[in-house]
Each structure stands twice: as structure tokens, then as C-alpha cells.
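To start, the structure under review is shown below, and the notes come after it.
No value in this document is a laboratory result; all are computed from the given coordinates. Computed from a predicted structure; not experimentally measured. Ideal geometry is used to build each Cβ from the backbone, glycine not excepted, and the neighbour counts take in all protein chains shown.
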Amino acid sequence: MTAESSGTVTAPLLERSKVSARQQDSFQVLEFLLGKEHFAIDLFDVREVVEYTTITKLPNTLPYMKGIIDLRGEITTIIDLKERLHIPREEDRSDESGRFIVLDEKLTGAKTGILVDDVLAVSTFEKGDVDAASTAGAGDDAAILGIIKKRAKDKENTVNELVIWIDIRETLSHIKKRV
Amino acid sequence: MSFIDDMKIGRKLIGGFLIVTLILILVAMVGYTNIGTIADHSKKMYNDCTVPIEKIGIIDSNLERMQGNIYKYAYVPESRPAIESAIEGDIAAVNKEWDAYTGRQLTVNEKKQADAFEKNWLLLQQGYRQLMKDAKANDKNAVNTALARGSPVSEAFNAAMGAVEAIAEINLQKAKALDDESDALAASAGMTMLIATLIAVIAAIGIALYLAKSITGPVERVKQGITDIHQGRVSNRLNMNRKDELGEMADTLDKFASDFQKYILGTMVMIAEGDFSRNLKPRDDKDEIVPPVKKVIETLRAVNEESNKLSRAAVEGKLSVRGNADQFKGGYWEIIAGLNKTMDNVVAPLNEAMRVSGQYANGDFTARFNDKIKVNGDFKKFRDELNEIGEKVAKALQGINQQVGDLAASAEEANASVEEVSAGSAQVAKNASGVSINAEKATQGIEQVQKAMEDLSRTIQDVATKSEVVAKIVQDTTNFSREGMELAQKTEQGMQGITKSSNDVNQIIGEIKDQMDKISEIVNLITDLANQTNLLALNAAIEAARAGDAGRGFAVVATEVKSLAVESRASAERISAMIDNLQKQTLNAVDAVTSANTGVREGSEALHETLSSFTRIVASIDKISQNVSEVAAAAEEQAASVQEVTASVHEVNGLMQNTTREATDAAAASEESSAAIDQITKVVANVNTIVDKLTKEVSRFKV
């Protein structure tokens, strides 16, 4: 329901109209874990999330090309995002406990998924929560869009949990070129 | 204060008067000082109070006159020129007096009032001058207004008058204060004078008393000293230690008393005690005390020497020596002549008595006192008794001679008999002591046997006693081992019970473990389902988001589903953790039960061994008990026979001791008699010797 479709403006409705107005500045992301750090990618780049299945390795590929899987009859390429972003691998975590985030086909032109440690939630943030300046110092290759300050309750205190918002298109642009 | 005692009397008196005069001058000075202070106060009062009051009075009267004149000036125009000059004169007079007043030192209150006056005085002057100008100009209204009640001019006049009166009042009070102060000062000055006079009088009386006492006291003491000497008490000394005339007098008196006591009285005392050694020297030709005393000493010394010579000669037996009486006079001559006469009367009878005694001493009792020598008094008795000694001794000696002859014969006979008795008794004594020695040896032997028997008996009794103790201990031990055995059997039964219970526990724990495993499986399944649901919810959320506004409702549902899935997963994880914990504890329980079982088994085996050991102990103890009983019986038998032997030995010992005692008695008796006989022999021999000597002695006398 929007403010334009209603003749009478009641208090709750007014609130909602404000929310919808603000929606122009908000965006939705999918939060996931790599190691201990929180990452996020644009929700519209995501197709679906699936459980881990056995990966078939391909010979003579780049180190972050994990291999391929059979997803409901379609061959899907799996990218090890940790390897791609140079995040050190933890010894006690196995790939089997991870998830695949299957990406939208528009991005790469071929069916592609990324291997992450866990998928947490679909979240809505506002542009105001993002701090783009704090990524200064990271190289161009980092492809970080910004740092999202997510309010989380830690016991009684409200603390800002930092979520690294990456540009998955930029990150996987090499693959696109290759494909 | 000894320096006062040492002063001459004249100087002392003049000094006392001088001190009193000084005190009087001091009192006069105190009075003079106080009078000066009072005069100062009077002057101050005149300067500070009387003069200002006078000035203020003049100012006051001038002001009053001016106020009157101003009215006149206003309403009587023809008098104006005269009054104007009068007013100006008054103003000048007031200013002059005011300057004279303020030229002094003012108090704070005065200053305040003075300021008020000055301010109002200025206003008043201006008011007057303005008023006079207005009057000249015939401005009646202005004049009336200025003279009306409450106008600035009248206000200023009132204020100025008020200030002047206040100043007068202040000065009056000041004067009163000064007056009071003067009164107080006069009173205190009077008091000071009174006190100073009193002190002076007391000091003068004190000095007079002290001086009088310092002169009359010593005079009294000197008088007492002279009275003492007159009454023969010469040991007292005045010892005044003063250097004035009285002190010299007292010293001379002391010196006279000392000399008299030391030389004259001392010499008298020495003579009285028989000491004539003091040699005195006259002080000069006029000395009348020493020469007679010296003469007395010399005469006494000569008499003493003469009588000493006589007595020394008598002591040495020189009876022919006589004293020289002619060198003395009076009583002294009589002393020496009497001594000579005494010697003459004693010497003749003594010489005769000496001759007779000499013959007696040589054993010649036939000598007699010569009748031709004349004797008197006590000497007659002396002569008769000397003669009687000679006669009686001669007679007695004749009797003794005869008796001694008889005694010699009897002693000879007694000696022969005693020697015979002595020989017999010696033989008896020798035999008796032989018997005694043998009997003692026998007794010693028997005593040794007896001691040995007693030792044996005691040892056997010890064996018997100890055997009994051992038997009792063995009995106790048997009882204890039986009890131990019973306890061990009971313990074994307990052990079996424990084993059974722990087996049951083991089985139950196993069953619990199985159940746990099943629960674990179920929990895993739940976790799996929750994960799946979570994933589905995520995908639903993604789909909903991609669908845009159309999928918004669905997105809410997907979020709810996701949170449910997360909660179920958390619950399942908690259950899983609990189950893990339980399983761990169960495993611990199983371990504990297993180790308990092992312990019980080991305990059981040990108990078995203990039981068999106890059985063996009981058997051994029985054997020991039997042996000990046998030993005890044997020891008792032995003890009985030893006691019999001991009794027999005792009897023998008694008999032997009797024998010894009798033999010893006999020997002692014969020794005693032997000793008695020896004594008798000695006595008889002595008698013989005495008789021989007696015979010889008696034969020497002539009768």
C-alpha cells in the first residue's frame, strides 16, 4: 500500500509513506561468511543458495576455479571466493560445511556459483549505513563497494557490526572475459 | 650576714641610720612623682576641655545674635547699615573662634560634628548675604520666604546650632572623663604613699631590731661565759667568730679558759692520778700560779722515788737497805721514817725462821727456833708452829717405817698366786677362740648354700608366673583370631553383595547409553531438517526480493520461517550438547563401576587369604598354649622340692649359729678374765715397787 493510492492519510500510513520514500535510498544484500568476516553482495546478483554437493575438479585452471557441479542437470562453475579474495584458509573448516551462492546469469553469461562458508540472511540497508571512504588504501583489485555498519545487539549494548560490501561483478570480471 | 657581725659597733650604728634616711628619701620621691602626674592632668583638662567649651560658647552666642539681627535687618530698614556691619563682625568672630577650635586635635565624634557645622555655616552665611541683598532690593516675598519656618536658611541655622551644642556636649563629657581620671589618680597616689610609708616604717623598725640584737646578744653570751668560769665550769667556749670588740673580748675569755683547763687543771688531775711527769714553766716573774704547782710536783716526785727505792730493795730481798728521811719536811719525813722502822721489826724473826726451815729441808727434823730471839704478836705463833712441825713429822715418820716393812712382805705373796691364775686362764681363752673360728666357717658355708637355694626358688617361681602370663596372652590371641575370622567372613558376604549391585548398575548404564544414542540420532535429524529449512527460507527470501513489491508479503513469511529454522537448530544444538555431556558422564560412571568391581574382586581374594591365615594362626596358638601349660606344671613341681631342701638347710644354719655364739661367748669370757688377771699382776707389781721406794725414802730421815 502506498500513500498515492489512499485518500485519507492516517498516522501509520504516513509512516509507511516515509518508509517507501526512503526505499529509494535503500538496497538489499545477501550476507554471508568468509572465515570470520561478514561479506555482502547485491541481492539482485543472486539467483539462489544451495547446499554443498560434490565438486568435480577441472584440470589446467586458475587456482580459484574450484571446479564444476551438476545443479539440477545444468553444469555450474564454482569459484572459491576465499581464494579469489586472498583470504587465508582455516585448517579446521572443510568445504563440505559450506554453501554455494548461485549467481545471476546476466553477470557472467554462464551459470556460475561461489563457494562461501555460510549464508546468513537477506538484509535491507540504507545508503547512510555505508561508509565508502573507509576503503581508502585498498587496491583497485579489492572491488569493495563500501563498509556497511550493521546494528547488532551484543548483550545489552548496541554495536556496529562491519559488513564488507563487495562488487561481485567486478570481482568476477576476469572470468567473464575468459568466457 | 657575717659581715655585719665583723663591723665595729660605731660603724654599724651609723650605717643603720643612713639606711633609714635613704628609705625616707625614697618615700618622699614617690609622693613628689604622684603630685606631678596630678598637675599634668589638671593642665590637660584646661587645654582639652575648658578652652574649646569657651570657644564654642562664643560661637553659640554669636550665632544667636546673628539670627536676631537678621530679623531686625529684614523688618527695620533704618537700622540696616549698623546691623550689616554687626553681622559681618559676628561672622568674622565666628570664623576666628572656629579656626581656634579646629586648630586642635579633634576626636572622631567631634570631627563628624565639626564637618556638619562647617557645611551648614557656609549655607547660613550665603543665606544671610542673599537675604540682606533681597532686603536691600525690597523683595519682601523673598525675605519672608527665607525667614519662614523650614526655609534653607533657618534649616542651616538649626543644623549649625545643633552641631555646636553637640560639640559642647562632647567636650563636657570629655572634661568629666578627665576629672574622673584625675580623681582615680589622686586616690591611687594616696594609696601608693600610704603603702610606701608603711614599708619604710617596717624596714626602719626591722633594721633597728636587727642592730640591737647584733650588739646585745653577744654581750649576754660573754657575761654567761664569765659566770661559767666563776662557777668552775671551764669546758664551755664562746666561739663567737666575730671581729668587733665583743668578738675580741670573747676570744680572750676563751683563751684564758683553755690555758687554765689545759695547764693548771690538767696538772692537778695528773697528780691526783699519780702522774708527776708534767714540767711547768712560769710565764714571767709575776706569774703566781705556776711556781707553787711546780714545787708540789717536785716534792711528790722525791718522796715517791725514796719509797720506790725501799720497796725495790725489799722485793730483791735486800732487807738491810733503809730510806733517807732527813731530806724531807713534816708529813713527808714521817712517811720515810715509818717505812724504815717497819723493816727493822720484820727482819730478825724472819732470819731465824729461814734457818730452821733450811734444816727441815735437809731432812733434819731435830732443829728448833732459837729462844734468845725476841718476837712479838703474830711472830710468836709463827715460832711455835714451826717448832711443832719438827716434832710431829719426826713422830709420823717412825710409824711409817714400820708399816712399810709389813706391806712389802704381803705384796710378795700376792704376786706369786696371781701368776698361777693367769697361766690357767690364758689356756681356756686359746681353746674357746679355736672353736669359735671353726663354727663361723661352717655357718658361712651353709649361708652360701641357702642363698643359692633361694635364688633357684625365685627363678622357678618367675618361670611359673611368666608361664601363666603367656597362657593368658595365648588365650586372648586365640579369641582375637576367632573374632577376626568372623569379621572376615562377614566382610566377604558384604563384598559379594557389592559385586552383584555393581553388575546391576553396569547393565542399567548400558541401557541408558543405548537410549542416549537413539536420542542423538533424532537430534541430528532435527538439525539436518532445520538446516534444510534455513536454506529454503533463504532462497524464498531471495526469490521474494527479486519479485519486487509483489514478493514483499512472501519475504515476511520467508524471514519468519528462517528465524524458526534458526531457533530449532539452536535448540537441537543445545540438546546435542546436553546429550554429549550425559554420555560423557555415563562413560565415567561405567568406568567407576568397573574399577569398583575390580577393587571388590581384589578385596575378596585378600579376604580369602586373610581367612586361611587366621585359621593357621589359631592352630599354632593352640599348640603354643599346650606347651606353655606343660612348662608351668613342671616348674611348679620343681618349686615344691626346692622349698623342702631350703627348709632343711635353714634348720642346720640355726644350729650352727647357736654353736658359734656359745663359743664366742666362752672366748670373750676367758679373754676378759685373762685381762683382769693381768691387771691384778700389774697392780701387785706396782705395790712391790712402791714399797721398795718407800722403804728407801723413809730411811733418809733423821728422827
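Rounded, prolate or oblate for the range B:1-123? Axes are the square roots of the Cα gyration tensor eigenvalues, ordered a ≥ b ≥ c, and the cut-off for rounded is a/c under 1.5. Prolate shape, in that a/c is at least 1.5 and a/b is the bigger ratio.
Once backbone amide H atoms are built at 1.01 Å from N, A:Asp104 has A:Val46, A:Arg47 as its partners under 5 Å, excluding neighbours fewer than 5 places away on the same chain. Only helical runs count toward this figure. For chain B, summing -39,500 (n - 2.57) over DSSP H runs of n ≥ 4 and dividing by all residues gives -32000 deg cm²/dmol at 222 nm. Each residue, B:Ile498 and B:Glu440, gets one label point 7 Å from its Cα in the Cβ direction; the gap between the two is 8.3 nm.
Taking each of B:Lys8/B:Lys213; A:Lys82/A:Lys150; B:Lys392/B:Lys696; B:Lys309/B:Lys374; A:Lys149/B:Lys562; B:Lys281/B:Lys309 in turn, the alpha-carbon distance tops 25 angstrom for B:Lys309/B:Lys374; B:Lys281/B:Lys309.
Counting, for every residue in A:30-43, the Cβ atoms of other protein chains within 10 Å of its Cβ and taking the mean gives 1. Within 10 Å of the Cβ of each residue in B:527-540, the mean number of Cβ atoms contributed by other protein chains is 3.
What is the range A:31-178 by shape, rounded, prolate or oblate, if you read a ≥ b ≥ c off the alpha carbon gyration tensor as root eigenvalues and call it rounded for a/c under 1.5, prolate for a/b larger than b/c, and oblate otherwise? Here the range A:31-178 falls in the prolate category. If the segment from B:Arg149 to B:Glu388 were pulled out straight at 0.36 nm per residue, it would be longer than the present Cα-Cα gap by 68.2 nm. Assuming charge only on the beta carbon of Lys and Arg (+1) and of Asp and Glu (-1), the dipole of the protein assembly as shown about its Cα centre is about 5240 debye to the nearest 20. Checking the cross-link filter: which aspartates and glutamates have an alpha carbon closer than 18 Å to that of B:Lys329, excluding same-chain neighbours under 8 positions apart? Answer for B:Lys329, where 18 Å is the Cα cut-off: B:Glu298, B:Glu305, B:Glu306, listed by chain and number. For the protein assembly as shown, a/c is not less than 1.5, where a ≥ b ≥ c are the root eigenvalues of the C-alpha gyration tensor, and a/b does not top b/c. That puts it in the oblate class. Exceedance of the 19 Å cut-off in Cα-Cα distance is limited, within the set B:Lys43/B:Lys111; B:Lys112/B:Lys174; A:Lys36/A:Lys111; B:Lys295/B:Lys341; B:Lys372/B:Lys702, to B:Lys43/B:Lys111; A:Lys36/A:Lys111; B:Lys295/B:Lys341; B:Lys372/B:Lys702. Of the residues A:Val163, A:Leu107, A:Gly35, the one whose Cα sits farthest toward the positive end of the charge dipole of the range A:31-178, with +1 on the Cβ of Lys and Arg and -1 on the Cβ of Asp and Glu, is A:Leu107.
Only the Cβ atoms of Lys and Arg (+1) and of Asp and Glu (-1) were treated as charged; on that basis the dipole of the range A:31-178 about its Cα centre amounts to roughly 340 debye.
For chain B, a simple Cβ point-charge model (Lys and Arg +1, Asp and Glu -1, everything else neutral) yields a dipole of about 4860 debye relative to the Cα centre.
Note on B:Ile473/B:Asn658: beta-carbon distance plugged into 1/(1 + (r/R0)^6) with R0 of 51 Å gives a FRET efficiency of 0.55. Scanning residues 5 or more positions from A:Gly146 or on other chains, those with amide H under 5 Å from its amide H are A:Trp165, with H placed 1.01 Å from N in the peptide plane.
The mean count of C-beta atoms from other chains within 10 Å of the C-beta of residues in B:545-551, rounded to a whole number, is 3. Which ³J(HN,Hα) values, rounded to whole Hz and listed in residue order, are derived for the range B:171-180 from phi using the Karplus coefficients 6.51, -1.76 and 1.60 in 6.51 cos²θ - 1.76 cosθ + 1.60 with θ = phi - 60°, glycine and proline given as x? Using θ = phi - 60°, the values come out as 5, 4, 5, 4, 4, 4, 4, 5, 4, 4 Hz.
Here the label points at A:Thr124 and B:Asn304, each 7 Å from Cα along the C-beta direction, are separated by 16.6 nm in the simple model. Pairs over the 21 Å Cα-Cα cut-off, from the set B:Lys96/B:Lys119; B:Lys223/B:Lys255; B:Lys72/B:Lys119: B:Lys72/B:Lys119.
For B:Lys513, the aspartates and glutamates whose Cα falls under 12 Å of its own Cα, not counting residues fewer than eight places away in the same chain, are B:Asp580. B:Lys441: which lysines have alpha carbons under 23 Å from its alpha carbon, excluding same-chain residues fewer than 8 sequence positions away? Straight-line reach from B:Lys441, under 23 Å: B:Lys430, B:Lys451. Across the range B:441-450, computed HN-Hα scalar couplings (Karplus, 6.51 cos²θ - 1.76 cosθ + 1.60, θ = phi - 60°) run 4, 4, 4, 4, x, 5, 5, 4, 4, 4 Hz from first to last residue, x flagging Gly and Pro. Whole-Hz Karplus values for the range B:184-189 come out as 4, 5, 4, 4, 5, 5 Hz, taken residue by residue from phi with 6.51 cos²θ - 1.76 cosθ + 1.60 and θ = phi - 60°; glycine and proline positions read x. What separates the Cα centres of the range B:369-416 and the range B:57-110 is a distance of 174 Å.
The H on the amide N of A:Leu120, modeled in the peptide plane, is under 5 Å from the matching H of A:Glu31, A:Phe32, A:Leu33, each at least 5 residues off or on a different chain.
Taking all Cα pairs closer than 8 Å and separated by 6 or more residues, the relative contact order of chain B comes to 15 percent.
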